[in-house]
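The values are calculated or read from the model by the stated rules, or taken from the named source; none is laboratory data. Just so it is clear, the model here is predicted, and its values are computed rather than measured. Every residue, glycine as well, gets a Cβ built from its backbone with ideal geometry; the counts of neighbours run over all protein chains shown. To get the accessible areas, we keep the full protein, side chains included, count just its heavy atoms, and leave off ligands, DNA and RNA. Shrake-Rupley method; radii C 1.70, N 1.55, O 1.52, S 1.80 Å.
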Amino acid sequence: MGRTEGTGRTRGSEKTRGGGTARGSGGAGGGGGPEERYDAAPFVPRGTDLAALRESVAGCRGCPLHRDATQAVFGRGDASARIVLLGEQPGDQEDRRGEPFVGPAGRVLDEALAEAGVDPGEAYVTNAVKHFKFERRAERGKRRIHKPPTLREMTACRPWLAAELELLDPEVIVALGATAGKALLGSAFRVTKERGRLLTWSAPEPEPGPESGDGDGEGEGRGGRADGGKAGGAAWEGPLVATIHPSAVLRAEDDREAVRAGLVADLRIAAGVLDG
């Protein structure tokens, strides 16, 4: 039996999304292949669960980032997780291992969560973009250097996140860093302005893919709503807290403890939602 939370929603540990059959694994016609449409929707199966989504993301060709990445990196955590932590994209170690937040930033996040009163083992962690974007510079040898995804790439990958949230139905989402915030709220988002505030956000339903003849994958700049209004057909609606990415703690030098304390303070806002 599902469990009913304080929000009045009934949540279960085994959930499926939609009621239809799996969607096609390729985009509609067009030059250059499906990735040139920048739309992952045709690769996202419907009427399925997290395990099937994780399996399907390996074949995603919704944008050109899949060409150079080792593999797609899906979210990690239990289907009954009450909190979702959203990062930017996989890093070098995550790309090689196929799991999110397994590097130094992941350790910082786990420690900060525990200090804020959230069991890291009960959280679901994922990224706005599922493939690692990087560049190589001559002065760095063969090392792959992280490169932030564009808003177009984030928009292309949004159907995967919408599918995750529809299944998870968490009580609160935490956006880790500016890129994650922009993936949810659009290009006007500024983490310095919005961090530590309790927002209400609606995740839009995944838009029809190119195979339906409706939608062109060019939805650059479109985000969910953060005004507390219910969006029609929303995949998920609930509290959202924005904060810095845990890697910001690692980059800090003289004020590292202060930066870390700020991260913990923001996470306590999310913990308060769970306690309420």
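Things to note:
- Of all residues making up region 40-51, the number that are assigned to a helix (DSSP H, G or I) and surrounded by 16 or more Cβ atoms within 10 Å (Cβ to Cβ): 4
- Within region 171-180, being out of contact with any Ser or Thr (no Cβ under 9 Å at 6 or more places or on another chain) and under 16 Å from N127 (Cβ atoms) holds for I173, T179, A180.
- P120 meets all of the listed conditions (1) over 20 Å from A183 (Cα atoms); (2) in contact with a Lys or Arg (Cβ under 9 Å, 6 or more places away or on another chain) but one, namely (2).
- Answer residue from region 98-115, given it is in contact (Cβ under 8 Å) with a residue 24 or more places away in the chain and either surrounded by fewer than 18 Cβ atoms within 10 Å (Cβ to Cβ) or among the polar types (S, T, N, Q) (or both) and is farthest from G262 (Cα to Cα) among those: G98
- Residues considered: E135, E139, E94. Of these, the only one that is in a helix (DSSP H, G or I) and surrounded by fewer than 20 Cβ atoms within 10 Å (Cβ to Cβ) is E139.
- Restricting region 175-196 to residues that are open to solvent by 60 Å² or more (accessible area, probe 1.4 Å) and under 14 Å from V241 (Cβ atoms), the residue that is farthest from the chain's Cα centre (by Cα): K193
- Hits in region 218-259 (condition: modelled with pLDDT of 90 or more, over 26 Å from E153 (Cβ atoms) and open to solvent by less than 50 Å² (accessible area, probe 1.4 Å)): P239, A252, V259
- Of all residues making up region 73-91, the number that are out of contact with any Asp or Glu (no Cβ under 7 Å at 6 or more places or on another chain) and either among the aliphatic types (A, V, I, L, M) or buried (at least 21 other Cβ atoms within 10 Å of the Cβ) (or both): 10
- Count of region 142-170 residues which are more than 25 Å from T70 (Cβ to Cβ), open to solvent by less than 10 Å² (accessible area, probe 1.4 Å) and not aliphatic (A, V, I, L, M): 1
- For region 104-130, the set of residues classified as more than 17 Å from the chain's Cα centre (by Cα) and small (G, A, S) consists of A112, A114, A116, G117, G121, listed by residue number.
- Only one of L65, L85 that is touching a residue at least 24 places away in the same chain (Cβ under 8 Å) and in a helix (DSSP H, G or I): L65
- The single condition from (1) open to solvent by 10 Å² or more (accessible area, probe 1.4 Å); (2) in contact (Cβ under 8 Å) with a residue 24 or more places away in the chain; (3) in contact with a Leu (Cβ under 8 Å, 6 or more places away or on another chain); (4) not charged (D, E, K, R) that P120 fails is (2).
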